[in-house]
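A short write-up of the structure that comes next.
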Amino acid sequence: MEIEYASELDFQFILDNDRHVSKQLIKNKLKEKEIIIEKDQDNKIIGWLRYSYFWDNTPFMNMLYINENYRNKGIGKKLVEFWETEMKSKGYELVMTSTLSNEQAQHFYRKLRYKDAGSLLLDDEPLEIIFTKSI
């Protein structure tokens, strides 16, 4: 298994599977190296992490997705740890993420030493829990 920054060669896969963002945003994120992927031994993408910046200065993980067949095997943890190491090497001391009020996701981030930092409740939306971690 290999973790790396996604490239233009991965564009179609990301476009087909990450339905939360536009085609142009995916292109921009590939250019800015803001999508990290993990591939299996057959060079197929089995998971990805997409991030941006909160208040333009704090790395914020927007998406962590692992293919169903590969869940609960430590792949998400490896992607997050790779991202944290990359952010630390760029001089950042804090990273953020959020999740819907899904207990499994909350436990995952807390196990990785993320701390509850607050929540956001929008009309007709489930509660979003915000997490931070000093790196």
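Only the coordinates and a few stated rules stand behind these numbers; no lab work does. Small disclaimer: the values here were computed from a predicted structure and weren't measured. Cβ sites come from the backbone with ideal geometry, for glycine too, and all protein chains shown count toward neighbours.
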State which residue is farthest from Met61 (Cα to Cα) when the search covers only the range 2-33 and only residues that are among the aromatic types (Phe, Trp, Tyr) and touching a residue at least 24 places away in the same chain (Cβ under 8 Å).
Phe13
With (1) in contact with a strand residue (DSSP E or B) (Cβ under 8 Å, 6 or more places away or on another chain); (2) farther than 19 Å from Ser89 by Cβ as the list, and Tyr5 as the residue in question, which single condition is left unmet?
(2)
Restricting to the range 8-27, name every residue that is of a type outside the set (Lys, Arg), surrounded by fewer than 14 Cβ atoms within 10 Å (Cβ to Cβ) and either out of contact with any strand residue (DSSP E or B) (no Cβ under 9 Å at 6 or more places or on another chain) or in a strand (DSSP E or B) (or both).
Glu8, Leu9, Gln12, Asp16, Ser22, Gln24
Take the residues in the range 115-135 that are of a type in the set (Val, Ile, Thr) and over 16 Å from Asn102 (Cα atoms), then tell me which one is surrounded by the fewest Cβ atoms within 10 Å (Cβ to Cβ).
Ile135
I'm trying to understand the selection: among the residues of the range 34-93, which are farther than 14 Å from Glu4 by Cα, in contact (Cβ under 8 Å) with a residue 40 or more places away in the chain and basic (Lys, Arg)?
Lys88
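Conditions tested, residue by residue: (1) among the hydroxyl-bearing types (Ser, Thr, Tyr); (2) under 23 Å from Phe11 (Cα atoms).
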{"residue": "Ile46", "(1), (2)": "no, yes"}
{"residue": "Ser52", "(1), (2)": "yes, yes"}
{"residue": "Asn62", "(1), (2)": "no, yes"}
{"residue": "Tyr65", "(1), (2)": "yes, yes"}
{"residue": "Asn72", "(1), (2)": "no, no"}
